[in-house]
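Here is the structure we will look at.
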Amino acid sequence: MTDETTPMTDGGTDEEARTDGGPPATVPPDDETPTWSERKERSQGLAQLTYQYFERSRREDEDLRAESTYVERDVLGFPTWPHETIRNLAITSFFLGIILLVASILPSHFGDPANPGSTPAIILPDWYLYWSFGLLKLSPINPELAVLGGNIIVSNELYGLIAHGAIFGVITLVPFLNKGNARRPVEEPGWAALGVTGVILAITLAALAIQNFFPVPLELLFSLTFMLPIAGGVITYAVLKTMREGYMYDLNRRYYMLRPPK
Amino acid sequence: MSLKKQDDMDHNAWLKSQDLTAIETAFLTTLIWLDKRLRIVDYLELLETMYYRANLQMPKSHTEQYDLDNKFWYWYPLYSLGSLSIIAYLLAAVSGAMLGFYYAPSTAGAAAQGDPTAAYDSMVMIMQDVQFGFMLRSIHRWAAQFMVAAVFLHMLRVYFTGAYKEPREVNWILGVVLIALTLLFGFSGYVLPWKQLSFWAAQIGVELALATPIVGEWAAQLLFGGFTLGQATLVRMYILHVFVLPFVVTALIAIHVGIVWVQGIAEPH
(Lines give C-alpha, C1' and ligand atoms only; values in the text may rest on other atoms or scores of the structure.)
Protein backbone atom coordinates (compact mmCIF):
# COMPACT_ATOMS: atom_id res chain seq x y z
CA MET A 1 0.00 0.00 0.00
CA THR A 2 1.14 3.51 -0.69
CA ASP A 3 2.27 5.33 2.37
CA GLU A 4 1.84 9.07 2.12
CA THR A 5 4.54 9.83 4.63
CA THR A 6 7.26 7.85 2.85
CA PRO A 7 10.29 10.15 2.71
CA MET A 8 11.31 11.22 -0.77
CA THR A 9 14.84 11.10 -2.07
CA ASP A 10 15.52 14.64 -0.92
CA GLY A 11 14.21 13.81 2.54
CA GLY A 12 11.01 15.81 2.19
CA THR A 13 7.44 14.54 2.34
CA ASP A 14 5.78 17.36 0.46
CA GLU A 15 3.18 15.92 -1.86
CA GLU A 16 3.24 18.98 -4.12
CA ALA A 17 6.93 18.45 -4.87
CA ARG A 18 6.44 14.96 -6.24
CA THR A 19 6.86 14.56 -9.95
CA ASP A 20 5.28 11.14 -10.32
CA GLY A 21 1.80 12.36 -9.58
CA GLY A 22 1.59 10.97 -6.06
CA PRO A 23 -0.39 8.03 -4.84
CA PRO A 24 -3.53 7.04 -6.69
CA ALA A 25 -6.74 8.49 -5.32
CA THR A 26 -8.13 5.08 -4.52
CA VAL A 27 -6.60 1.75 -3.72
CA PRO A 28 -5.94 0.01 -7.02
CA PRO A 29 -7.79 -3.29 -7.43
CA ASP A 30 -6.17 -6.58 -8.21
CA ASP A 31 -5.14 -7.03 -11.82
CA GLU A 32 -7.67 -9.70 -12.67
CA THR A 33 -10.64 -7.98 -11.10
CA PRO A 34 -12.25 -5.12 -12.99
CA THR A 35 -13.15 -2.16 -10.80
CA TRP A 36 -16.69 -1.51 -9.84
CA SER A 37 -17.06 1.18 -12.48
CA GLU A 38 -15.37 -0.86 -15.17
CA ARG A 39 -17.89 -3.61 -14.82
CA LYS A 40 -20.62 -3.60 -17.41
CA GLU A 41 -22.37 -0.37 -16.80
CA ARG A 42 -26.07 -0.73 -16.53
CA SER A 43 -27.54 1.92 -18.77
CA GLN A 44 -31.22 1.87 -17.99
CA GLY A 45 -33.99 1.46 -15.49
CA LEU A 46 -33.72 0.18 -11.96
CA ALA A 47 -30.41 -1.54 -12.68
CA GLN A 48 -28.83 1.80 -13.49
CA LEU A 49 -30.33 3.45 -10.41
CA THR A 50 -29.02 0.64 -8.26
CA TYR A 51 -25.62 1.08 -9.86
CA GLN A 52 -25.65 4.84 -9.27
CA TYR A 53 -26.67 4.44 -5.66
CA PHE A 54 -24.00 1.84 -4.97
CA GLU A 55 -21.40 4.15 -6.49
CA ARG A 56 -22.47 6.84 -4.04
CA SER A 57 -22.56 4.34 -1.22
CA ARG A 58 -19.01 3.22 -1.90
CA ARG A 59 -17.79 6.81 -2.09
CA GLU A 60 -19.50 7.49 1.21
CA ASP A 61 -17.64 4.59 2.77
CA GLU A 62 -14.34 5.84 1.49
CA ASP A 63 -15.03 9.36 2.76
CA LEU A 64 -16.04 8.08 6.16
CA ARG A 65 -12.91 6.00 6.41
CA ALA A 66 -10.75 8.90 5.37
CA GLU A 67 -12.30 11.21 7.94
CA SER A 68 -12.31 8.69 10.73
CA THR A 69 -9.93 9.02 13.63
CA TYR A 70 -10.52 5.38 14.35
CA VAL A 71 -7.44 3.28 14.80
CA GLU A 72 -7.53 -0.11 13.16
CA ARG A 73 -5.71 -2.77 15.04
CA ASP A 74 -6.02 -6.34 16.11
CA VAL A 75 -8.57 -7.08 18.77
CA LEU A 76 -7.09 -7.76 22.15
CA GLY A 77 -9.72 -9.95 23.67
CA PHE A 78 -10.73 -13.22 25.13
CA PRO A 79 -9.06 -15.98 23.07
CA THR A 80 -11.47 -18.28 21.26
CA TRP A 81 -9.47 -21.31 22.28
CA PRO A 82 -9.41 -22.39 25.00
CA HIS A 83 -11.09 -19.65 27.04
CA GLU A 84 -14.20 -18.81 25.01
CA THR A 85 -14.73 -22.41 23.90
CA ILE A 86 -14.52 -23.74 27.45
CA ARG A 87 -16.84 -21.03 28.70
CA ASN A 88 -19.41 -21.78 25.99
CA LEU A 89 -19.12 -25.51 26.59
CA ALA A 90 -19.63 -24.93 30.30
CA ILE A 91 -22.73 -22.81 29.73
CA THR A 92 -24.14 -25.25 27.18
CA SER A 93 -23.61 -28.33 29.34
CA PHE A 94 -24.99 -26.56 32.38
CA PHE A 95 -28.11 -25.56 30.45
CA LEU A 96 -28.60 -29.02 28.93
CA GLY A 97 -28.03 -30.53 32.35
CA ILE A 98 -30.72 -28.33 33.88
CA ILE A 99 -33.19 -29.35 31.15
CA LEU A 100 -32.46 -33.05 31.65
CA LEU A 101 -32.69 -32.69 35.43
CA VAL A 102 -36.03 -30.90 35.30
CA ALA A 103 -37.28 -33.36 32.66
CA SER A 104 -36.45 -36.26 34.92
CA ILE A 105 -37.96 -34.89 38.13
CA LEU A 106 -41.05 -33.29 36.54
CA PRO A 107 -42.18 -35.69 33.80
CA SER A 108 -45.12 -34.77 31.60
CA HIS A 109 -48.50 -36.24 32.49
CA PHE A 110 -50.96 -38.29 30.48
CA GLY A 111 -54.24 -36.45 30.84
CA ASP A 112 -57.59 -37.80 29.72
CA PRO A 113 -58.12 -38.65 26.07
CA ALA A 114 -59.94 -36.03 24.00
CA ASN A 115 -63.68 -36.03 24.43
CA PRO A 116 -65.61 -33.62 22.18
CA GLY A 117 -68.70 -34.38 24.21
CA SER A 118 -67.61 -33.02 27.58
CA THR A 119 -66.00 -29.64 28.11
CA PRO A 120 -63.56 -29.78 31.00
CA ALA A 121 -64.10 -27.31 33.85
CA ILE A 122 -60.71 -25.72 33.29
CA ILE A 123 -59.23 -25.26 29.82
CA LEU A 124 -55.66 -24.02 29.83
CA PRO A 125 -52.86 -23.79 27.30
CA ASP A 126 -49.20 -24.11 28.31
CA TRP A 127 -47.94 -21.44 30.69
CA TYR A 128 -46.35 -19.34 27.95
CA LEU A 129 -49.74 -18.76 26.35
CA TYR A 130 -51.46 -17.73 29.59
CA TRP A 131 -51.04 -14.04 28.73
CA SER A 132 -52.67 -14.68 25.39
CA PHE A 133 -55.47 -16.63 27.07
CA GLY A 134 -55.88 -13.76 29.53
CA LEU A 135 -56.38 -11.37 26.62
CA LEU A 136 -59.38 -13.44 25.59
CA LYS A 137 -60.98 -12.78 28.98
CA LEU A 138 -61.16 -9.05 28.55
CA SER A 139 -64.89 -9.10 27.77
CA PRO A 140 -65.75 -6.81 30.74
CA ILE A 141 -63.97 -3.93 28.99
CA ASN A 142 -65.32 -4.69 25.54
CA PRO A 143 -67.01 -1.38 24.73
CA GLU A 144 -70.71 -1.36 23.96
CA LEU A 145 -72.75 1.23 22.14
CA ALA A 146 -75.84 2.83 23.66
CA VAL A 147 -77.32 3.33 20.18
CA LEU A 148 -77.16 -0.40 19.62
CA GLY A 149 -79.12 -0.94 22.81
CA GLY A 150 -75.99 -1.81 24.78
CA ASN A 151 -74.83 -4.34 22.21
CA ILE A 152 -71.12 -4.89 21.92
CA ILE A 153 -69.53 -3.68 18.70
CA VAL A 154 -67.21 -6.62 18.15
CA SER A 155 -67.52 -10.13 19.52
CA ASN A 156 -65.48 -10.91 22.61
CA GLU A 157 -63.25 -13.29 20.67
CA LEU A 158 -62.50 -10.69 18.02
CA TYR A 159 -61.84 -8.17 20.78
CA GLY A 160 -59.21 -10.51 22.22
CA LEU A 161 -57.69 -10.98 18.78
CA ILE A 162 -57.50 -7.22 18.25
CA ALA A 163 -55.73 -6.94 21.61
CA HIS A 164 -53.16 -9.46 20.35
CA GLY A 165 -52.70 -7.47 17.17
CA ALA A 166 -52.25 -4.25 19.13
CA ILE A 167 -49.63 -5.80 21.41
CA PHE A 168 -47.64 -7.37 18.57
CA GLY A 169 -47.96 -4.13 16.61
CA VAL A 170 -46.60 -1.99 19.42
CA ILE A 171 -43.72 -4.40 20.04
CA THR A 172 -42.86 -4.40 16.33
CA LEU A 173 -42.90 -0.62 16.17
CA VAL A 174 -40.60 -0.12 19.17
CA PRO A 175 -37.38 0.37 17.17
CA PHE A 176 -39.10 2.98 15.01
CA LEU A 177 -40.49 4.91 17.97
CA ASN A 178 -37.46 4.83 20.24
CA LYS A 179 -34.50 6.32 18.46
CA GLY A 180 -31.18 7.61 19.66
CA ASN A 181 -28.04 6.21 21.16
CA ALA A 182 -29.24 5.56 24.70
CA ARG A 183 -28.71 1.97 25.80
CA ARG A 184 -29.16 1.72 29.54
CA PRO A 185 -32.54 1.87 31.23
CA VAL A 186 -31.34 4.82 33.36
CA GLU A 187 -30.80 6.81 30.21
CA GLU A 188 -34.42 6.40 29.14
CA PRO A 189 -36.59 5.92 32.24
CA GLY A 190 -39.77 6.26 30.21
CA TRP A 191 -38.99 3.34 27.91
CA ALA A 192 -37.75 1.23 30.79
CA ALA A 193 -41.01 1.98 32.64
CA LEU A 194 -42.96 0.95 29.54
CA GLY A 195 -41.02 -2.30 29.41
CA VAL A 196 -41.68 -3.06 33.08
CA THR A 197 -45.37 -2.23 32.54
CA GLY A 198 -45.45 -4.73 29.67
CA VAL A 199 -43.74 -7.47 31.68
CA ILE A 200 -46.07 -7.03 34.67
CA LEU A 201 -49.07 -6.86 32.34
CA ALA A 202 -48.06 -10.20 30.82
CA ILE A 203 -47.87 -11.67 34.33
CA THR A 204 -51.18 -10.22 35.51
CA LEU A 205 -52.90 -11.30 32.29
CA ALA A 206 -51.57 -14.79 32.97
CA ALA A 207 -53.06 -14.55 36.46
CA LEU A 208 -56.35 -13.47 34.89
CA ALA A 209 -56.22 -16.50 32.62
CA ILE A 210 -55.92 -18.89 35.58
CA GLN A 211 -58.42 -16.92 37.65
CA ASN A 212 -60.03 -20.15 38.88
CA PHE A 213 -56.94 -20.85 40.97
CA PHE A 214 -56.98 -17.46 42.72
CA PRO A 215 -58.91 -16.92 45.91
CA VAL A 216 -59.28 -13.25 44.89
CA PRO A 217 -62.72 -12.01 43.72
CA LEU A 218 -62.84 -11.76 39.95
CA GLU A 219 -63.58 -8.02 39.88
CA LEU A 220 -60.61 -7.25 42.09
CA LEU A 221 -58.36 -9.50 39.98
CA PHE A 222 -59.55 -7.73 36.86
CA SER A 223 -58.76 -4.31 38.32
CA LEU A 224 -55.37 -5.49 39.56
CA THR A 225 -54.60 -6.80 36.08
CA PHE A 226 -54.40 -3.21 34.89
CA MET A 227 -53.52 -1.35 38.08
CA LEU A 228 -50.43 -3.41 38.96
CA PRO A 229 -48.65 -2.85 35.62
CA ILE A 230 -49.29 0.89 35.80
CA ALA A 231 -48.09 1.00 39.40
CA GLY A 232 -45.00 -0.98 38.42
CA GLY A 233 -44.30 1.39 35.55
CA VAL A 234 -44.66 4.47 37.73
CA ILE A 235 -42.39 3.03 40.41
CA THR A 236 -39.78 2.07 37.83
CA TYR A 237 -39.91 5.54 36.34
CA ALA A 238 -39.53 7.19 39.75
CA VAL A 239 -36.66 4.92 40.80
CA LEU A 240 -34.76 5.35 37.54
CA LYS A 241 -35.27 9.12 37.58
CA THR A 242 -33.85 9.20 41.10
CA MET A 243 -30.94 6.94 40.21
CA ARG A 244 -30.27 8.78 37.02
CA GLU A 245 -28.18 11.67 38.26
CA GLY A 246 -25.85 9.70 40.44
CA TYR A 247 -25.59 6.96 37.90
CA MET A 248 -24.84 9.27 35.02
CA TYR A 249 -22.07 10.86 37.02
CA ASP A 250 -20.40 7.53 37.52
CA LEU A 251 -20.54 6.54 33.90
CA ASN A 252 -17.37 6.33 31.98
CA ARG A 253 -16.43 9.86 30.99
CA ARG A 254 -15.01 8.87 27.69
CA TYR A 255 -18.23 7.06 26.89
CA TYR A 256 -20.19 10.26 27.18
CA MET A 257 -17.67 12.24 25.22
CA LEU A 258 -18.25 9.83 22.38
CA ARG A 259 -22.00 9.48 22.74
CA PRO A 260 -23.74 12.43 24.32
CA PRO A 261 -27.00 11.40 25.97
CA LYS A 262 -30.14 12.58 24.23
CA MET B 1 -15.41 5.24 13.23
CA SER B 2 -16.57 8.49 14.61
CA LEU B 3 -20.01 8.21 16.05
CA LYS B 4 -21.34 11.52 14.75
CA LYS B 5 -23.98 11.41 12.06
CA GLN B 6 -22.50 12.11 8.65
CA ASP B 7 -24.52 14.35 6.40
CA ASP B 8 -22.07 14.72 3.54
CA MET B 9 -23.72 11.90 1.68
CA ASP B 10 -27.35 12.89 1.80
CA HIS B 11 -28.83 10.11 -0.28
CA ASN B 12 -32.36 11.33 0.28
CA ALA B 13 -31.58 14.75 -1.17
CA TRP B 14 -29.95 13.04 -4.10
CA LEU B 15 -33.05 10.94 -4.47
CA LYS B 16 -35.23 14.07 -4.56
CA SER B 17 -33.08 15.72 -7.20
CA GLN B 18 -33.45 12.75 -9.50
CA ASP B 19 -36.98 13.21 -10.88
CA LEU B 20 -38.01 9.59 -10.66
CA THR B 21 -41.22 7.67 -11.12
CA ALA B 22 -43.09 6.37 -8.11
CA ILE B 23 -41.79 2.84 -8.69
CA GLU B 24 -38.22 4.01 -8.94
CA THR B 25 -38.58 6.16 -5.84
CA ALA B 26 -40.04 3.29 -3.85
CA PHE B 27 -37.34 0.95 -5.08
CA LEU B 28 -34.49 3.31 -4.28
CA THR B 29 -35.93 4.26 -0.89
CA THR B 30 -36.11 0.60 0.07
CA LEU B 31 -32.67 -0.06 -1.32
CA ILE B 32 -31.12 2.85 0.57
CA TRP B 33 -32.91 1.91 3.78
CA LEU B 34 -31.68 -1.67 3.60
CA ASP B 35 -28.20 -0.74 2.43
CA LYS B 36 -27.75 1.69 5.31
CA ARG B 37 -28.41 -1.13 7.71
CA LEU B 38 -26.96 -4.16 6.01
CA ARG B 39 -24.37 -2.67 3.66
CA ILE B 40 -25.64 -4.66 0.74
CA VAL B 41 -23.13 -2.90 -1.47
CA ASP B 42 -20.24 -4.71 0.22
CA TYR B 43 -21.86 -8.10 -0.05
CA LEU B 44 -23.05 -7.62 -3.61
CA GLU B 45 -19.51 -6.94 -4.58
CA LEU B 46 -18.41 -9.98 -2.64
CA LEU B 47 -20.81 -12.04 -4.67
CA GLU B 48 -19.47 -10.64 -7.90
CA THR B 49 -15.80 -10.94 -7.21
CA MET B 50 -16.21 -14.14 -5.19
CA TYR B 51 -13.59 -13.26 -2.67
CA TYR B 52 -13.04 -10.82 0.11
CA ARG B 53 -11.79 -7.57 -1.24
CA ALA B 54 -14.32 -5.67 0.85
CA ASN B 55 -13.26 -3.99 4.01
CA LEU B 56 -13.94 -6.56 6.66
CA GLN B 57 -12.08 -5.13 9.60
CA MET B 58 -12.29 -6.24 13.15
CA PRO B 59 -13.27 -3.22 15.20
CA LYS B 60 -11.78 -2.56 18.55
CA SER B 61 -14.04 -4.47 20.88
CA HIS B 62 -16.54 -2.41 22.76
CA THR B 63 -15.37 -3.56 26.15
CA GLU B 64 -11.88 -2.53 25.22
CA GLN B 65 -12.93 0.84 23.90
CA TYR B 66 -14.84 1.78 27.02
CA ASP B 67 -12.59 -0.05 29.46
CA LEU B 68 -15.39 -2.27 30.68
CA ASP B 69 -13.33 -5.46 30.85
CA ASN B 70 -13.97 -6.15 34.50
CA LYS B 71 -17.36 -4.51 34.75
CA PHE B 72 -19.72 -6.45 32.60
CA TRP B 73 -18.91 -10.13 33.08
CA TYR B 74 -21.89 -10.64 35.36
CA TRP B 75 -24.22 -9.64 32.52
CA TYR B 76 -22.86 -12.50 30.45
CA PRO B 77 -25.71 -14.95 31.15
CA LEU B 78 -28.20 -12.41 29.80
CA TYR B 79 -26.17 -12.19 26.62
CA SER B 80 -26.19 -15.94 26.12
CA LEU B 81 -30.00 -16.28 26.13
CA GLY B 82 -30.24 -16.30 22.33
CA SER B 83 -27.69 -19.06 22.20
CA LEU B 84 -29.51 -20.97 24.94
CA SER B 85 -32.77 -20.86 23.02
CA ILE B 86 -31.00 -22.34 19.99
CA ILE B 87 -29.55 -25.09 22.17
CA ALA B 88 -32.99 -25.88 23.56
CA TYR B 89 -34.38 -25.79 20.01
CA LEU B 90 -31.80 -28.32 18.85
CA LEU B 91 -32.50 -30.57 21.83
CA ALA B 92 -36.22 -30.39 21.07
CA ALA B 93 -35.51 -31.16 17.41
CA VAL B 94 -33.47 -34.26 18.22
CA SER B 95 -35.88 -35.62 20.83
CA GLY B 96 -38.83 -34.68 18.61
CA ALA B 97 -37.42 -36.60 15.66
CA MET B 98 -37.14 -39.66 17.90
CA LEU B 99 -40.68 -39.20 19.19
CA GLY B 100 -41.78 -38.99 15.56
CA PHE B 101 -40.68 -42.60 15.02
CA TYR B 102 -43.46 -43.77 17.32
CA TYR B 103 -46.17 -41.13 17.15
CA ALA B 104 -49.22 -41.64 14.91
CA PRO B 105 -51.24 -38.51 14.01
CA SER B 106 -54.57 -40.25 13.83
CA THR B 107 -57.90 -39.98 15.59
CA ALA B 108 -58.89 -43.50 14.54
CA GLY B 109 -59.69 -46.22 17.01
CA ALA B 110 -62.14 -44.43 19.28
CA ALA B 111 -65.26 -46.58 19.49
CA ALA B 112 -67.19 -43.94 21.42
CA GLN B 113 -66.73 -40.28 22.28
CA GLY B 114 -63.97 -39.93 24.86
CA ASP B 115 -62.24 -43.19 24.03
CA PRO B 116 -58.49 -43.10 23.46
CA THR B 117 -57.59 -42.43 19.83
CA ALA B 118 -54.58 -43.77 17.92
CA ALA B 119 -52.68 -40.54 18.63
CA TYR B 120 -53.37 -40.80 22.34
CA ASP B 121 -52.53 -44.50 22.33
CA SER B 122 -49.22 -43.87 20.57
CA MET B 123 -48.37 -41.30 23.25
CA VAL B 124 -49.20 -43.84 25.96
CA MET B 125 -47.17 -46.44 24.09
CA ILE B 126 -44.19 -44.07 23.90
CA MET B 127 -44.38 -43.44 27.62
CA GLN B 128 -45.02 -46.99 28.79
CA ASP B 129 -43.55 -49.41 26.26
CA VAL B 130 -40.78 -47.64 24.35
CA GLN B 131 -37.38 -47.93 25.98
CA PHE B 132 -36.49 -44.52 27.45
CA GLY B 133 -39.72 -43.18 25.93
CA PHE B 134 -41.03 -41.70 29.17
CA MET B 135 -37.86 -39.64 29.54
CA LEU B 136 -37.80 -38.81 25.83
CA ARG B 137 -41.22 -37.17 25.89
CA SER B 138 -40.32 -35.37 29.09
CA ILE B 139 -37.12 -34.05 27.53
CA HIS B 140 -38.98 -32.89 24.43
CA ARG B 141 -41.57 -31.11 26.51
CA TRP B 142 -39.12 -29.43 28.83
CA ALA B 143 -36.78 -28.45 26.01
CA ALA B 144 -39.75 -26.65 24.48
CA GLN B 145 -40.59 -24.95 27.78
CA PHE B 146 -36.99 -23.81 28.22
CA MET B 147 -36.82 -22.58 24.65
CA VAL B 148 -39.91 -20.42 25.06
CA ALA B 149 -38.63 -19.08 28.38
CA ALA B 150 -35.20 -18.32 26.91
CA VAL B 151 -36.76 -16.62 23.89
CA PHE B 152 -38.94 -14.39 26.07
CA LEU B 153 -36.04 -13.46 28.34
CA HIS B 154 -33.91 -12.86 25.26
CA MET B 155 -36.47 -10.38 24.02
CA LEU B 156 -36.52 -8.61 27.40
CA ARG B 157 -32.74 -8.38 27.44
CA VAL B 158 -32.73 -6.87 23.96
CA TYR B 159 -35.46 -4.43 24.95
CA PHE B 160 -33.92 -3.23 28.19
CA THR B 161 -30.42 -2.81 26.73
CA GLY B 162 -31.74 -0.95 23.69
CA ALA B 163 -30.11 -3.49 21.39
CA TYR B 164 -32.94 -3.19 18.85
CA LYS B 165 -32.06 0.35 17.82
CA GLU B 166 -30.76 1.38 14.43
CA PRO B 167 -29.33 -0.42 12.52
CA ARG B 168 -30.95 -3.51 14.07
CA GLU B 169 -34.66 -2.85 13.42
CA VAL B 170 -34.91 -5.62 10.85
CA ASN B 171 -33.58 -8.16 13.30
CA TRP B 172 -36.00 -7.01 15.99
CA ILE B 173 -38.93 -7.55 13.64
CA LEU B 174 -37.50 -10.92 12.69
CA GLY B 175 -37.32 -11.69 16.40
CA VAL B 176 -40.98 -10.77 16.88
CA VAL B 177 -41.87 -13.10 14.01
CA LEU B 178 -39.73 -15.84 15.57
CA ILE B 179 -41.47 -15.44 18.93
CA ALA B 180 -44.86 -15.75 17.27
CA LEU B 181 -43.69 -18.85 15.41
CA THR B 182 -42.26 -20.30 18.63
CA LEU B 183 -45.64 -19.88 20.29
CA LEU B 184 -47.30 -21.51 17.28
CA PHE B 185 -44.76 -24.34 17.59
CA GLY B 186 -45.76 -24.77 21.22
CA PHE B 187 -49.47 -24.60 20.43
CA SER B 188 -49.33 -27.16 17.60
CA GLY B 189 -47.25 -29.49 19.77
CA TYR B 190 -49.74 -29.11 22.62
CA VAL B 191 -52.52 -30.38 20.36
CA LEU B 192 -50.71 -33.51 19.14
CA PRO B 193 -51.29 -35.92 22.10
CA TRP B 194 -55.05 -35.34 21.56
CA LYS B 195 -55.77 -35.14 25.26
CA GLN B 196 -58.75 -33.30 26.67
CA LEU B 197 -56.67 -30.14 27.12
CA SER B 198 -55.22 -30.51 23.62
CA PHE B 199 -58.65 -30.82 22.10
CA TRP B 200 -60.15 -27.87 23.93
CA ALA B 201 -57.13 -25.67 23.34
CA ALA B 202 -57.57 -26.38 19.64
CA GLN B 203 -61.28 -25.68 20.03
CA ILE B 204 -60.46 -22.21 21.35
CA GLY B 205 -58.13 -21.79 18.39
CA VAL B 206 -60.91 -22.62 15.93
CA GLU B 207 -63.34 -20.28 17.67
CA LEU B 208 -60.78 -17.48 17.53
CA ALA B 209 -60.16 -18.11 13.85
CA LEU B 210 -63.89 -18.10 13.11
CA ALA B 211 -64.32 -14.83 15.02
CA THR B 212 -61.92 -13.08 12.64
CA PRO B 213 -63.71 -11.15 9.92
CA ILE B 214 -63.03 -11.83 6.22
CA VAL B 215 -60.11 -14.28 6.51
CA GLY B 216 -61.45 -16.19 9.52
CA GLU B 217 -63.11 -19.14 7.81
CA TRP B 218 -60.29 -19.47 5.36
CA ALA B 219 -57.75 -19.51 8.22
CA ALA B 220 -59.80 -22.11 10.10
CA GLN B 221 -59.85 -24.29 7.00
CA LEU B 222 -56.13 -23.85 6.44
CA LEU B 223 -54.92 -24.38 10.01
CA PHE B 224 -57.54 -26.66 11.50
CA GLY B 225 -58.90 -28.38 8.41
CA GLY B 226 -62.48 -27.36 9.02
CA PHE B 227 -64.79 -25.81 11.59
CA THR B 228 -65.04 -28.88 13.80
CA LEU B 229 -62.03 -30.70 15.15
CA GLY B 230 -61.12 -34.12 13.91
CA GLN B 231 -58.63 -36.14 11.92
CA ALA B 232 -57.95 -33.22 9.54
CA THR B 233 -57.08 -30.93 12.45
CA LEU B 234 -54.64 -33.39 13.94
CA VAL B 235 -52.84 -34.05 10.66
CA ARG B 236 -52.59 -30.34 9.90
CA MET B 237 -51.17 -29.60 13.32
CA TYR B 238 -48.76 -32.51 12.87
CA ILE B 239 -47.51 -31.30 9.49
CA LEU B 240 -47.25 -27.78 10.86
CA HIS B 241 -45.28 -29.03 13.85
CA VAL B 242 -42.88 -31.46 12.18
CA PHE B 243 -42.57 -30.14 8.64
CA VAL B 244 -43.56 -26.52 8.02
CA LEU B 245 -42.43 -24.84 11.22
CA PRO B 246 -39.06 -26.62 11.53
CA PHE B 247 -38.02 -25.45 8.07
CA VAL B 248 -39.35 -21.92 8.45
CA VAL B 249 -38.06 -21.41 11.99
CA THR B 250 -34.64 -22.90 11.25
CA ALA B 251 -34.27 -20.68 8.20
CA LEU B 252 -35.36 -17.58 10.13
CA ILE B 253 -33.00 -18.41 13.01
CA ALA B 254 -30.17 -18.72 10.48
CA ILE B 255 -31.01 -15.29 9.05
CA HIS B 256 -31.43 -13.86 12.55
CA VAL B 257 -27.99 -15.08 13.64
CA GLY B 258 -26.51 -14.17 10.26
CA ILE B 259 -27.62 -10.57 10.66
CA VAL B 260 -26.13 -10.49 14.15
CA TRP B 261 -22.92 -11.79 12.64
CA VAL B 262 -22.92 -9.12 9.93
CA GLN B 263 -23.91 -6.23 12.19
CA GLY B 264 -21.99 -7.29 15.25
CA ILE B 265 -23.24 -7.77 18.80
CA ALA B 266 -25.04 -4.69 20.10
CA GLU B 267 -22.62 -3.00 22.43
CA PRO B 268 -23.05 -4.27 25.96
CA HIS B 269 -22.57 -1.60 28.54
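Per-residue answers, yes or no, for (1) more than 13 Å from B:Thr161 (Cα to Cα); (2) within 12 Å of chain B (Cβ to nearest Cβ); (3) in a loop (DSSP other than H, G, I, E, B):
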| residue | (1), (2), (3) |
| --- | --- |
| A:Val154 | yes, yes, yes |
| A:Asn181 | no, yes, yes |
| A:Thr204 | yes, no, no |
| A:Asn212 | yes, no, no |
Scan region A:111-133 for residues that are out of contact with any helix residue (DSSP H, G or I) (no Cβ under 7 Å at 6 or more places or on another chain) and at pLDDT below 90 and jot them down. A:Gly117, A:Ser118, A:Ala121
Matching residues, region A:175-192, being under 17 Å from B:Met155 (Cβ atoms) and in contact with a helix residue (DSSP H, G or I) (Cβ under 7 Å, 6 or more places away or on another chain): A:Pro175, A:Phe176, A:Asn178, A:Pro185, A:Ala192
Taking A:Ala182, is it hydrophobic (A, V, I, L, M, F, W, C), under 30 Å from B:Met125 (Cβ atoms) and open to solvent by less than 50 Å² (accessible area, probe 1.4 Å)? no
Got a sec? Which of A:Lys179, A:Lys241 is among the basic types (Lys, Arg), more than 14 Å from the chain's Cα centre (by Cα) and modelled with pLDDT of 85 or more? A:Lys241
When you scan region B:166-188, do you find a residue that is part of a loop (DSSP other than H, G, I, E, B), aliphatic (A, V, I, L, M), in the same structural domain as B:Ala108 (by TED's automatic domain parsing) and open to solvent by 20 Å² or more (accessible area, probe 1.4 Å), even just one? no
Filter region A:77-121 down to the residues that are of a type in the set (S, T, N, Q), surrounded by 13 or more Cβ atoms within 10 Å (Cβ to Cβ) and more than 26 Å from the chain's Cα centre (by Cα) and list them by number. A:Ser104, A:Ser108, A:Asn115
Scope region B:189-203; condition hydrophobic (A, V, I, L, M, F, W, C), more than 20 Å from the chain's Cα centre (by Cα) and open to solvent by less than 40 Å² (accessible area, probe 1.4 Å); matching residues: B:Leu192, B:Trp194, B:Phe199, B:Trp200, B:Ala201, B:Ala202
Residue among A:Leu124, A:Leu138 that alone is surrounded by 15 or more Cβ atoms within 10 Å (Cβ to Cβ), within 12 Å of chain B (Cβ to nearest Cβ) and not acidic (Asp, Glu): A:Leu124
Inside region B:90-135, can you point out the residues that are over 31 Å from the mean Cα position of the chain (by Cα), more than 21 Å from B:Phe199 (Cβ to Cβ) and open to solvent by 40 Å² or more (accessible area, probe 1.4 Å)? B:Gln128, B:Asp129, B:Gln131
Which residue is nearest to A:Val154 (Cα to Cα), if the candidates are limited to region B:194-248 and must be within 10 Å of chain A (Cβ to nearest Cβ) and in contact (Cβ under 8 Å) with a residue 24 or more places away in the chain? B:Gln203
Hey, any hits in region B:204-221 for a residue that's surrounded by 17 or more Cβ atoms within 10 Å (Cβ to Cβ) and under 20 Å from the mean Cα position of the chain (by Cα)? no
Go through (1) over 24 Å from B:Thr161 (Cα atoms); (2) more than 8 Å from chain A (Cβ to nearest Cβ); (3) surrounded by 13 or more Cβ atoms within 10 Å (Cβ to Cβ); (4) at pLDDT below 90 for B:Tyr52 and report which single condition fails. (3)
Could you check how many residues of region B:222-266 are open to solvent by 30 Å² or more (accessible area, probe 1.4 Å), in a helix (DSSP H, G or I) and among the hydroxyl-bearing types (Ser, Thr, Tyr)? 2
Among the residues of region A:103-121, write down those that are at the interface with another protein chain (Cβ under 8 Å from one of its Cβ atoms) and part of a helix (DSSP H, G or I). A:Ala103, A:Ser104
Just one of (1) modelled with pLDDT of 95 or more; (2) out of contact with any His (no Cβ under 8 Å at 6 or more places or on another chain); (3) closer than 19 Å to B:Met237 by Cα trips up B:Gly96, so point out which. (2)
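The values are calculated or read from the model by the stated rules, or taken from the named source; none is laboratory data. Keep in mind that this is a model prediction, so the values were computed, not measured. Heads up, the Cβs are rebuilt from the backbone with ideal geometry, glycines too, and the neighbour counts pull from every protein chain shown. Just the protein is used for accessible areas: all its heavy atoms, side chains included, with ligands, DNA and RNA removed. Shrake-Rupley method; radii C 1.70, N 1.55, O 1.52, S 1.80 Å.
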